[in-house]
Amino acid sequence: MSVNSFGRLFRFTTWGESHGPALGAVVDGCPPGLELSEGWIQPFLDARRPGQSKFTTQRQEPDAVRILSGVFEGRTTGTPISLMIENVDQRSKDYSDVAKAYRPGHADYAYDAKYGFRDYRGGGRSSARETAARVAAGAVARLAVPEVAILAWVSEIGGDAIDPANFDAAEIRNNPFFCPDASAAVRWEKIVDDARLAGSSVGAVVECMATGVPAGWGAPLYGKLDADLASAMMGINAVKGVEIGDGFAAARLTGEQNADPMRPGRGGPQFLANHAGGIAGGISTGQPVTVRVAFKPTSSILTPQPTVTREGEATEMFTKGRHDPCVGIRGVPVVEAMMALVLADHKLLHRGQCG
């Protein structure tokens, strides 16, 4: 079984390949009566769109979304919402060598081992191109959780991190890196450009915070909110690590240091810290839900790497074509989308059980 769907009540399925005629998503379980149009979805896709600076792939895709079903007179009907994004700038000839040998770091060999057949044009379903469909679905999910504000940013590129003291949310959309620290964004220009000119790549860390999530979403064991968030983020192409709250840093703290002390507050307790990332025992606490997502360096590089052919013979491979020198940069809208999709699902699950 090839799993292409995510969610329980608010559920979406993505379809399409990097170099096929189109890709898209089907969103099922969206509540009826919500105002939805292509104009609402498009800005989120524009934030992820390739070719907007020299720091991303130069593939030119307008990523114009079309709503094919599930909306009538500008409102959701409660039936499946079908979203389509056409591919218009494929260069499949760039991947002729990939048909003969496996790219190191890519899913080429793993796909071949599983299916005995693979779409080598841009990686097919394993391409980051698939995430455009998630961003479109995530835009729909945001309508289901209007009480929640979701914001993501890049906090680290190539091992160089922002200074939290310089955090400015207004700065995130002022530079090509989704960086909240203006001085770090200047440093990253050289880091990413040096990697691009060398035909190499660098990794990145994306952080995401959702505020306005009420206490009570999630479940104690097999429907943990943090478990579903981890699964959603790990399902993004090129992601190799996820932390909730303090994450791995919590393992280096004492119990006293890691506790989130409480004091009486209006309408509930006032927390004095948020080491847990807004989730305790799998259930939201009402604090901001925080996630950190680690993106590996883009595997498509111009530096020749040892590999093998499909016949098992030794060879070398470098990847031609247009690729992101830091794929984590365009991961920001994708991380926001997956946060919205998980929260929408858990809101409906909570309402279904608790009213």
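Structural remarks
- Sole exception among (1) in a strand (DSSP E or B); (2) polar (S, T, N, Q); (3) open to solvent by less than 50 Å² (accessible area, probe 1.4 Å) for T315, by number: (3)
- Among the residues of region 163-188, the ones that are closer than 20 Å to A294 by Cα, of a type outside the set (F, W, Y) and modelled with pLDDT of 95 or more come to 9 in all.
- When R351 is tested against (1) touching a residue at least 60 places away in the same chain (Cβ under 8 Å); (2) open to solvent by 10 Å² or more (accessible area, probe 1.4 Å); (3) under 16 Å from G218 (Cβ atoms), only condition (1) is not met.
- Identity of the residue in region 88-124, at pLDDT 80 or above and in contact with an Asp or Glu (Cβ under 7 Å, 6 or more places away or on another chain), that ends up least open to solvent (accessible area, probe 1.4 Å): Y102
- Scanning region 277-312 for residues that are closer than 30 Å to K114 by Cα, of a type outside the set (S, T, Y) and not in a strand (DSSP E or B) yields K296, P297, I301, L302, P304, R310, E311, G312.
- Long-range neighbours under 6 Å by Cβ, at least six apart or interchain, first residue on the phi < 0 side of the Ramachandran plot and of a type in the set (V, I, T) within region 24-38, second surrounded by 15 or more Cβ atoms within 10 Å (Cβ to Cβ) and in a loop (DSSP other than H, G, I, E, B): V26/P80
- Considering region 16-30, the residues that are open to solvent by 30 Å² or more (accessible area, probe 1.4 Å) and either modelled with pLDDT of 95 or more or farther than 13 Å from A132 by Cβ (or both) include one that is farthest from the chain's Cα centre (by Cα), namely P21.
- Inside region 236-276, residues that are open to solvent by 40 Å² or more (accessible area, probe 1.4 Å), aliphatic (A, V, I, L, M) and not in a loop (DSSP other than H, G, I, E, B) make up a count of 2.
- Any hit, region 334-353, residues being modelled with pLDDT under 95 and among the aliphatic types (A, V, I, L, M): no
- Whenever a residue of region 40-58 is crowded, with 20+ Cβ neighbours inside 10 Å, its partners that are at pLDDT 95 or above and of a type outside the set (A, V, I, L, M, F, W, C), lying with C-beta atoms within less than 6 angstrom and at least six residues away or across chains, give the pairs F44/P333; R48/P333.
- So A215, is it in contact (Cβ under 8 Å) with a residue 60 or more places away in the chain and open to solvent by less than 30 Å² (accessible area, probe 1.4 Å): no
- Test: residue in region 234-245 that is within 23 Å of G328 (Cβ to Cβ) and modelled with pLDDT under 95: yes
- Considering residues of region 178-212 that are farther than 17 Å from R330 by Cβ and of a type in the set (K, R) only, the residue most open to solvent (accessible area, probe 1.4 Å): K190
- Residues in region 220-235 that are of a type in the set (G, A, S) and either closer than 26 Å to S126 by Cβ or open to solvent by 30 Å² or more (accessible area, probe 1.4 Å) (or both): A227, A230, S231, A232, G235.
- Residue match in region 323-343 (condition: part of a loop (DSSP other than H, G, I, E, B), surrounded by fewer than 23 Cβ atoms within 10 Å (Cβ to Cβ) and out of contact with any strand residue (DSSP E or B) (no Cβ under 8 Å at 6 or more places or on another chain)): no
The values are calculated or read from the model by the stated rules, or taken from the named source; none is laboratory data. This is a predicted model, so every value here is computed, not measured. In this analysis, Cβ positions are derived from the backbone assuming ideal geometry, glycine residues included, and neighbour counts consider all displayed protein chains. In case anyone asks, the SASA skips ligands and DNA or RNA and just uses the protein heavy atoms, side chains included. Shrake-Rupley method; radii C 1.70, N 1.55, O 1.52, S 1.80 Å.
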